[in-house]
Amino acid sequence: MTRRSALVAAVIALAGTASAQPSHAQAPGADTQGASTQGANTQGVWRSRGYGYIVRIDAAGPKLFHAVDGACYADPRPQADPDGILAVRRAVGPGAIAFSSGPADTAYLFDRLPALPKACLAKTDWTPRRVAAVTAETFAAFYPSSREHHIDWPARARIADKAAGKATSDAALFDVLDGLMAGLNDPHVGLQATLGGDEREFESGQAATLIRVRSESKEADPAASEKAWLQAYKRGVMDGVLRGRGHQTANNRVIWGRVGEIGYLNVATMGGFDKDAAPGDPAALDKALDEALTAFEGAKAVIVDVSNNRGGYDDISLRIAGRFADRSRLAWTKVAVGARGVVPQAFHVEPTRGRRYLGPVYLVTSDVTVSAGETFTLAMRALPNVVQVGERTRGALSDKLNKPLPNGWMLTLPGEIYRDPRGTRFEAVGIAPDVPRAVFAGDLAEGHARMIHALMDQIEQGGAPSPVTRS
């Protein structure tokens, strides 16, 4: 299944975790009915197109390596398949295999190699300079937004190399890598390390709204300030928008209600809907949506609000969007950076079993809307009955690519390019609304509820924008 683990971890303290059911996807260049390949057919050495993986499979199972620009090293994690990408294997052509987490999930195309490259077997002394070099090379090879962020990786690599040559401690090396990634402003870029028993982390890419929340808060702890704001946000929805008659369900991830002739659905994360079930169990979500859409029957319009959605899993995004779909429609395509000769993988919105609403839908987004919240936005924009209202989304659609460094630190970065059905990409720039409208204007605690009230009034009075044809 498509993973967005770091975003999910961040959401645990604020709103919840996430997972999903398989999405409707086709492997690059693969027949979705292709035979599963097992045993001797998969044994050998395989290199991925994009992503920087090499995997050796023998009788003992798979062994994962990371390769970039001539460097190669074994994944330092103890698991054979630490990111769960090798669970399903199917042939896609002579000497090629698609690996994936599930039969309809993100496909990783691998080509057979005659042998494991010598660099993968070499006993390399991973000095600070070499760790800095492989980090810079990883970004240069796989980061999708270097042009948008005006990043010159060779120049940064030279600066990092000089600084790493003077690094005499892990803390000093961390500072070097921190400088290498400075200014990326990308929520899918991260570095985690344990230094002297203490956890240290590099994070970037906070939405302007969340920066404002922290700056205006009286709380010293950023997490506490954001939690207090989220509580005020939910009160504004429950008491203000829904006038005390709303329903908060699915592990507090879903709020819904009906005000007169308008249905309202707010989704906080794309997963984690039942704390007593597996993260990917959709039963609680399905139940909540059945209840909500039953109540919305005959409504003049429905507002779907993901203005505070922190992401999760693309599979859940497609599952929810299917509740508003009349037929199968292309939602987006994706391809790994540097994956030569790979047909982009297509993901479709399919009409979901259960209650659906096919009338006018107004999708509310903001700069907080991120990751799987953004792929949900793409899925909804593929539907002719949906109008996107609010603010541009964050601009971080790609799955996070986990790249543990040779010294055991965990580097994460985006490694894919998503495009909508018209071929437009939104990484680093976000998805602009059809109807721009400030979502958190003025008072942070009440601005959102005021915006939703205004949209409801406009719909009731017949002045709301009609569904659009996007070119």
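The values are calculated or read from the model by the stated rules, or taken from the named source; none is laboratory data. All values reported here derive from a predicted model rather than from experimental measurement. Glycine also receives a Cβ, built like all others from the backbone with ideal geometry; neighbour counts cover every protein chain displayed.
Being more than 30 Å from Gly179 (Cβ to Cβ), at pLDDT 95 or above and either assigned by TED's automatic domain parsing to the domain that holds Ala155 or assigned to a strand (DSSP E or B) (or both): is that true of Arg112 here? Break it down stepwise before answering.
On the way: more than 30 Å from Gly179 (Cβ to Cβ): yes; at pLDDT 95 or above: yes; either assigned by TED's automatic domain parsing to the domain that holds Ala155 or assigned to a strand (DSSP E or B) (or both): yes.
For Arg112, the condition - more than 30 Å from Gly179 (Cβ to Cβ), at pLDDT 95 or above and either assigned by TED's automatic domain parsing to the domain that holds Ala155 or assigned to a strand (DSSP E or B) (or both) - is met.
The one condition from (1) touching a residue at least 40 places away in the same chain (Cβ under 8 Å); (2) of a type outside the set (Asp, Glu); (3) crowded, with 24+ Cβ neighbours inside 10 Å that Thr393 does not meet is (1).
Glu201 meets each of the listed conditions (1) exposed (fewer than 14 other Cβ atoms within 10 Å of the Cβ); (2) at pLDDT below 95 apart from (2).
May I ask you to say which residue of Val349, Val259, Val342, Val337 is touching a residue at least 40 places away in the same chain (Cβ under 8 Å) and out of contact with any helix residue (DSSP H, G or I) (no Cβ under 8 Å at 6 or more places or on another chain)? Walk me through it before giving the result.
Working: Val349 fails: out of contact with any helix residue (DSSP H, G or I) (no Cβ under 8 Å at 6 or more places or on another chain); Val259 fails: out of contact with any helix residue (DSSP H, G or I) (no Cβ under 8 Å at 6 or more places or on another chain); Val337 fails: out of contact with any helix residue (DSSP H, G or I) (no Cβ under 8 Å at 6 or more places or on another chain).
Result of the check over Val349, Val259, Val342, Val337: Val342.
Any chance you could count how many residues in the range 233-264 are surrounded by fewer than 16 Cβ atoms within 10 Å (Cβ to Cβ) and within 24 Å of Gly312 (Cα to Cα)? Qualifying residue count, the range 233-264: 2. Quick check on my filter: what residues within the range 275-303 are surrounded by 24 or more Cβ atoms within 10 Å (Cβ to Cβ) and β-branched (Val, Ile, Thr)? The one that is surrounded by 24 or more Cβ atoms within 10 Å (Cβ to Cβ) and β-branched (Val, Ile, Thr): Val302.
Could you count how many residues in the range 50-105 are free of Cβ contacts under 8 Å to residues at least 12 places away in the same chain and buried (at least 17 other Cβ atoms within 10 Å of the Cβ)?
Here the count works out to 0.
Exactly one residue out of Ser317, Ser307 is buried (at least 22 other Cβ atoms within 10 Å of the Cβ) and assigned to a helix (DSSP H, G or I): that is Ser317. Can you name the number of the only condition in (1) of a type in the set (Ser, Thr, Tyr); (2) part of a loop (DSSP other than H, G, I, E, B); (3) more than 29 Å from Asp315 (Cβ to Cβ); (4) under 28 Å from the mean Cα position of the chain (by Cα) that Thr124 fails? Among (1) of a type in the set (Ser, Thr, Tyr); (2) part of a loop (DSSP other than H, G, I, E, B); (3) more than 29 Å from Asp315 (Cβ to Cβ); (4) under 28 Å from the mean Cα position of the chain (by Cα), Thr124 violates only (4). In the range 357-379, the residues that are more than 23 Å from Ser466 (Cβ to Cβ) reach residues that are in a strand (DSSP E or B) and not basic (Lys, Arg) with C-beta atoms within less than 6 angstrom, at least six apart or across chains, in these pairs: Ala372/Met270; Ala372/Gly312.
Determine which member of the set Ala325, Ala379 is surrounded by 24 or more Cβ atoms within 10 Å (Cβ to Cβ) and within 19 Å of the chain's Cα centre (by Cα). Steps first, answer last, please.
Details: Ala325 fails: within 19 Å of the chain's Cα centre (by Cα).
Among Ala325, Ala379, only Ala379 is surrounded by 24 or more Cβ atoms within 10 Å (Cβ to Cβ) and within 19 Å of the chain's Cα centre (by Cα).
Would you check if Gly354 is under 28 Å from Asp186 (Cα atoms) and outside any strand (DSSP E or B)? When the stated conditions are applied, Gly354 does not pass them. I need a count of the residues in the range 185-198 that are buried (at least 22 other Cβ atoms within 10 Å of the Cβ) and hydrophobic (A, V, I, L, M, F, W, C). The total comes to 2. Screening Ala288, Ala250, Ala301 for residues that are of a type in the set (Gly, Ala, Ser) and over 25 Å from the mean Cα position of the chain (by Cα) leaves exactly one candidate, Ala301.
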